[in-house]
Every structure is written in C-alpha cells, then in structure tokens.
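Notes to accompany the following structure.
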Amino acid sequence: MKKIIIASALVGAFAGSVAQAQVTSAPHVPVPAAANVAPPEDGAMQFGGYLDASYNYLSESSKFTGGSSSRVFDLERNAGAIRQLAVTLAAQPKQGLGGLLNLVAGKDADIIGAYGLGAGKKNKFDVTQAFVQYATGPFTIIGGKYVTMAGAEVINSTANTNFSHSILFGYAIPFTHTGVRGTYAASDNVSLMFGVNNGWDDFKDTNNAKTLEFGLSYAPSKMFALAAQGYTGKERVGGLAETGPEGTRNLVDLVGTFNASDKLTFILNYDYATQTNTPLANGATGTAKWSGLAGYANYQINDQWRLSGRAEYFDDKDGYRTGVVQKWKEATLTVAYLPTKNLELRAEVRADNSNVASFLNSSGTSAGKSQQSIGVQALYKF
C-alpha cells in the first residue's frame, strides 16, 4: 500500500497534486498550486476540489506473496469506492505572502497518510498539504507539508490521464514531505529547487537526520520539457517507525515531456534509488536497489474524447519495495469521455506481469506471474 514497502518489515504508505493539470499530461511544476484552480496574479483566495468515484475488478487478490499490496489505490477485487473527495483552499500571489491547504477524504486518504499525522489511522481523512508561501522577485519559498517533486503522476486523480496509478508512483518514490522548499526562477524556461525535509512521507521525523531535495525544471519550448530531481538522506530501514536501523536513501527521478502536436503527448519517467544498511534477500546486510521506467502516450481525439496508454518496467532487485525480488511490468489503456468541463468518465484495462510467481490468487492458496484488471472511474471537478 504505502510507498515504503520493505521485505523485512512491510509497511503499507488530494490531494491535489498541486500541480495544475493540462488535458493530456500531468505537468511538473516547482511550486504547488491549487488543484483545479488557476491562481490569479493578485493572490486572491481560491477554492476548488473534486470527487473521484470508481469501480474496480482485479483477477487476483491485490496482494503479493510477500504480503504487500500489488496496487497503489485500486485494491478492490470486485467493488466500487469513493476514492477521493478533495478540496483545496489557496492564496498564492506572485509576490508576497500566501499559503495552501489540501484536504482529502476517502479510501485513498488511508494510503497517502504521513507518519505522525495520518499513517496507520484508517480514518479515511488526510491533510495532504498545508504550507505557507512567500514570493519575492524570482524566489519563492514554502514551509509546511507538500507533495513530492518526483514522478510523472500525482495524487490528484484529475491531473493524471489513467485511472490506476503507475508502479513508479506507488513503489519508487515518496508521496509527501514536511519541511522547507525554495524555488528560483532563473528565467522563463529554467527553475531551480532546493529543500530540506523530514524524509519520505514523514510529518513527524523518525530520526534526527534530514533529507535534502534538489530539482531542475527546463522548458525551452511548448514542445519539450524536462524535470530532474534528487533526494538524499537517512531513513529508517524498516519504514515509518522511530526505532530500528537507519541507512541512507537516495533517489534520482527524471521526467521528460514531448508535445508532438496539440493532440499528441509523450511522457517518459525514469527512477533509480538505493537504501543502505538493509537486510537483503541473500541474508546479508547491504544496499538495496530499485529502478524503473514508465512511458506514456496521450491522444486528445477531440474536446470530449481522449485515449491514454502507459507501459512500464520496475526492477525491485532486492525486494525492498514490493517484498519480492522481481521484475514487474504493466501495460494500461484508458479511454476518457468528458461530456462537460466538470465531469470526466474513464474506462480502463490493465495487465501486470512478473518474472516470478508473485501475485497471490484470490483464495490465498497459490500465486501466479500475472494479474489483470478492469476499472471505471467518474471524476467531478468543482
């Protein structure tokens, strides 16, 4: 469930991405903005949100043989759910003092909860973001709780183009951080980011060490954009806990976007990460490694119809993220229909495969190398 899922101690991990969404892709911006609301230049108070309801069918149990979940959010085998009811209140002027508050209720809230705030409480509510912001000239600084810079996908369902979330979103990177992040807009095309935070999905720090984040956003034209970010710091090897061994966790995340036309967009996301001082599958203590690559193709057929494909590969070399040493692949196809500007309906098929028998079957008595799913989703933005 949670991003920090570990072989030795599996710990399960809208909230609006607070990145403003384009029609064809989830954009990557350095300063979180209110979901579904375009912040005015004068920084006037803005309110927005969305409702995400879905039905999901999984051919297997939604569990790996190691006990961790084989999906991020859509864990229902044959059921519907209110995934997210998210609201955002924000005032983010280009100059001066502002702030943002993101709240989410629903089943997904239990998964994205940070340690010391919502993790493990199972109350279907999460304060996903709450920060103050100050901007002056090319500099912007935020302090509080905010979403990670890493990844091509975000928590906010309306800012993604598929119903299910990617493997990389759920198993390669964190959800949120609590700390301070600064952004320097070097030009209209280049932004630099630096921050210090409590770590991966930690509202309350689990140790005395801090995690550093670095980022670069480069958009030379409307056709191409590149985002590069890195994280490094000591984390508890066993996950979200205040006891146990510690080791350095490093992450490099790259996201490239190519707008081939007004209708067709390609996105490529690469992640590579390590965790030191952790038990390995061979019984030794050493450095666990995981990496992955995800590719997206989004085609806007017309104002009402969109077709989105995703394919990805994830190598959990030491079983640290999924509880199983495996090479996991998936392919997803999603059709979206937008009858109005506020309503979006999606239908999706997805196939997952592993090089080992890691998907536990529905009865829990055996395992296979594959899992299939069908999902439908309704999104209403307000």
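Can Thr322 be described as of a type in the set (Val, Ile, Thr), part of a strand (DSSP E or B) and modelled with pLDDT of 95 or more? Break it down stepwise before answering.
Values: of a type in the set (Val, Ile, Thr): yes; part of a strand (DSSP E or B): no; modelled with pLDDT of 95 or more: yes.
For Thr322, the condition - of a type in the set (Val, Ile, Thr), part of a strand (DSSP E or B) and modelled with pLDDT of 95 or more - is not met.
For the stretch 346-365, the candidate set comprises residues that are in a loop (DSSP other than H, G, I, E, B) and modelled with pLDDT of 95 or more; within that set, the residue that is surrounded by the fewest Cβ atoms within 10 Å (Cβ to Cβ) is Asn355. Every condition in (1) more than 20 Å from the chain's Cα centre (by Cα); (2) over 30 Å from Ala297 (Cα atoms); (3) not acidic (Asp, Glu) is met by Phe203 except one, and the failing one is (1). Kindly establish whether Ala260 is farther than 22 Å from Val154 by Cα, surrounded by fewer than 19 Cβ atoms within 10 Å (Cβ to Cβ), of a type in the set (Gly, Ala, Ser) and at pLDDT below 95. So Ala260 does not fit the description; no.
Applying the selection to the stretch 46-58, what residues are within 19 Å of Asn162 (Cα to Cα) and either buried (at least 18 other Cβ atoms within 10 Å of the Cβ) or of a type in the set (A, V, I, L, M) (or both)? Steps first, answer last, please.
Residues of the stretch 46-58 within 19 Å of Asn162 (Cα to Cα): 49-58.
Matches in the stretch 46-58: Gly49, Tyr50, Leu51, Asp52, Ala53, Ser54, Asn56, Leu58.
Would you call Gly144 of a type outside the set (Asp, Glu) and at positive phi? Yes: the conditions hold for Gly144. Taking the criterion of being among the small types (Gly, Ala, Ser), surrounded by 23 or more Cβ atoms within 10 Å (Cβ to Cβ), over 25 Å from Thr265 (Cα atoms) and in contact with a strand residue (DSSP E or B) (Cβ under 8 Å, 6 or more places away or on another chain), the only residue of the stretch 197-248 that qualifies is Gly199. Among the residues of the stretch 108-157, those that are surrounded by fewer than 20 Cβ atoms within 10 Å (Cβ to Cβ), among the hydrophobic types (A, V, I, L, M, F, W, C) and either in contact with a helix residue (DSSP H, G or I) (Cβ under 8 Å, 6 or more places away or on another chain) or at pLDDT below 95 (or both) comprise Leu117, Phe125. Would you say Ala336 is of a type in the set (A, V, I, L, M, F, W, C), within 22 Å of the chain's Cα centre (by Cα) and crowded, with 16+ Cβ neighbours inside 10 Å? Judged against the criteria, Ala336 is a match.
Are any residues in the stretch 278-318 among the aromatic types (Phe, Trp, Tyr), closer than 17 Å to Gly151 by Cα and surrounded by fewer than 17 Cβ atoms within 10 Å (Cβ to Cβ), and if so, which ones? Walk me through how you get there before you give the answer.
Taking the stretch 278-318 and keeping what is among the aromatic types (Phe, Trp, Tyr), we get 290, 296, 299, 305, 313-314.
Still in the running and closer than 17 Å to Gly151 by Cα: 290, 296, 313-314.
Once the filter is applied, which keeps residues that are among the aromatic types (Phe, Trp, Tyr), closer than 17 Å to Gly151 by Cα and surrounded by fewer than 17 Cβ atoms within 10 Å (Cβ to Cβ), the stretch 278-318 yields only Tyr313.
Of the residues in the stretch 62-78, at least one is farther than 23 Å from Ser191 by Cα, part of a strand (DSSP E or B) and among the charged types (D, E, K, R).
Determine, yes or no, whether Asp262 is among the charged types (D, E, K, R) and within 19 Å of the chain's Cα centre (by Cα). So that I can check it myself, show each step before the final result.
Values: among the charged types (D, E, K, R): yes; within 19 Å of the chain's Cα centre (by Cα): no.
Considered against the rule, which asks whether it is among the charged types (D, E, K, R) and within 19 Å of the chain's Cα centre (by Cα), Asp262 comes out as no.
The values are calculated or read from the model by the stated rules, or taken from the named source; none is laboratory data. Source: prediction; values computed, not measured. A quick note on method: Cβ atoms are made from the backbone with ideal geometry, for glycine too, and the neighbour counts reach across all protein chains shown.
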